[in-house]
1. Give me the inter-chain shielding for A:36-48: mean count of other chain Cβ atoms within 10 Å, whole number please.
2. What list of ³J(HN,Hα) couplings, whole Hz, do you get for the range B:87-101 from phi and the Karplus terms 6.51, -1.76, 1.60, once you set θ to phi - 60° and write x for glycine and proline?
3. B:Arg98's amide H: which non-local residues (gap 5+, or another chain) put their own amide H closer than 5 Å, with H modeled 1.01 Å from N in plane and none for Pro or chain starts?
4. Once phi is turned into θ = phi - 60°, what whole-Hz ³J(HN,Hα) does the Karplus curve with 6.51, -1.76 and 1.60 give for every residue of the range B:195-203, x standing for Gly and Pro?
5. How many Cβ atoms of partner chains, on average, are near each residue of B:204-210 if near means within 10 Å of its Cβ?
6. Compute the long axis of helix A:25-40 from its Cα atoms, compare it with the longest principal axis of the Cα atoms of chain A, and write down the angle in degrees, 0 to 90, nearest 10.
7. Measure nothing fancy, just the Cα-based angle from helix A:60-74's long axis to the longest principal axis of chain A, in degrees from 0 to 90, nearest 10.
8. Using only atoms on other chains, find how many Cβ atoms lie within 10 Å of each Cβ of peptide A:19-27 and report the average.
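What follows draws every value from the coordinates through simple rules; no lab data is involved. Model, not experiment: these values are computed from the prediction. Cβ: placed from backbone, ideal geometry, glycine included. Neighbour counts: every protein chain shown.
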Amino acid sequence: MSRPPAYRTVGLPLLIGADTPELGCDRCFDLLDVYVDTELAGDAADQTVPGMRAHLVGCPACAEEYRSLLDLARTPPTG
Amino acid sequence: MTELGFAQDPATVGAASVVPGEPSPAARDEESARWLCGLRPGSTDRDEAIDRLHGLLLRAARREVVRRRASMPNVTWGELEIAAQESADDAVVAVLDRLASFEGRSRFTTWAYKFAVLNTSVTLRRLAWREREIPRDAGDWPLVIDLAPGPEEVAQGIDLASALRRAIYTQLTPHQREVIVALAVMGVPIDVLADRLGTSRGALYKTLHDARAALRRSLRDAGFLASAGKEDTP
């Protein structure tokens, strides 16, 4: 068994979240393409999909998927 | 039935044009319209369109694998290629199953990519954690709070960390504590934890959301945060 770390550093938003309304993971997935393409078009993605940004701050898995989708949509792989 | 033989299912109305060659009313650009026309049931080019779709999603899955390779030293390239192939296969099925739900609010390719991204991400996280135990307790190690820009005004970190640790152990239900420790403190991916606990990602996030609200209430009562917002009303 590995030794536990001497300490753990945790970001405050990850522990206590925010007071603002946010989407759940399922709804985040439903609207992630809209959010990404709106952002890439230079439009107000946070207004188009309220609650998405707050969820991405609080959910590392969805945030990771958002970054991946943004990358794919911005620079599609060729081959 | 329409004159071309498609059932007039309300779920499919607007999702694909019944007139070959015309842009789909659900597509916002020509490329998306071509995808929808090619993939719709009854299209003469459907097999070719599905093939192209698979190629598109496989490239997306492979890019995802390359992005995360460094964080998965315990997974072989062979396993990663299998993961990419299976993720792309499943993503194609998901896209075809849900084609009628595409609303044209994004490009078709962005919409389709997200199925590949989700499938690949979940698979890779499971592979990365397959030999790891889920820590069930925060233990006695010191908790250091990173006070990088947060949502609210806060007091000094040392007292805050003590208050948070106290709140985690006194203000949360056992299940909330288990979830917030695993997800927010120990960094367990949410879908990995969902698998281990036999629940869903959405249900776990709801538990996390409620736990966070309880912690915010506790910190406000202790004077660490500004006055409550609507989200924190029990």
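1. Working: counts 6, 7, 2, 0, 3, 2, 0, 0, 0, 0, 0, 0, 1.
Average neighbour count from other chains, rounded to a whole number: 2.
2. 5, 5, 4, 5, 5, 4, 4, 5, 4, 5, 5, 9, 3, 5, 8
3. Placed amide hydrogens put nothing under 5 Å from B:Arg98.
4. 4, 5, 8, x, 9, 10, 4, x, 5
5. Working: counts 2, 11, 2, 0, 5, 6, 0.
Mean number of neighbouring Cβ atoms from other chains: 4.
6. 50 degrees
7. Relative to chain A, helix A:60-74 is tipped by roughly 30 degrees.
8. On the way: counts 13, 4, 3, 3, 1, 6, 11, 5, 1.
If you average over the peptide's residues, the count of other-chain Cβ atoms is 5.
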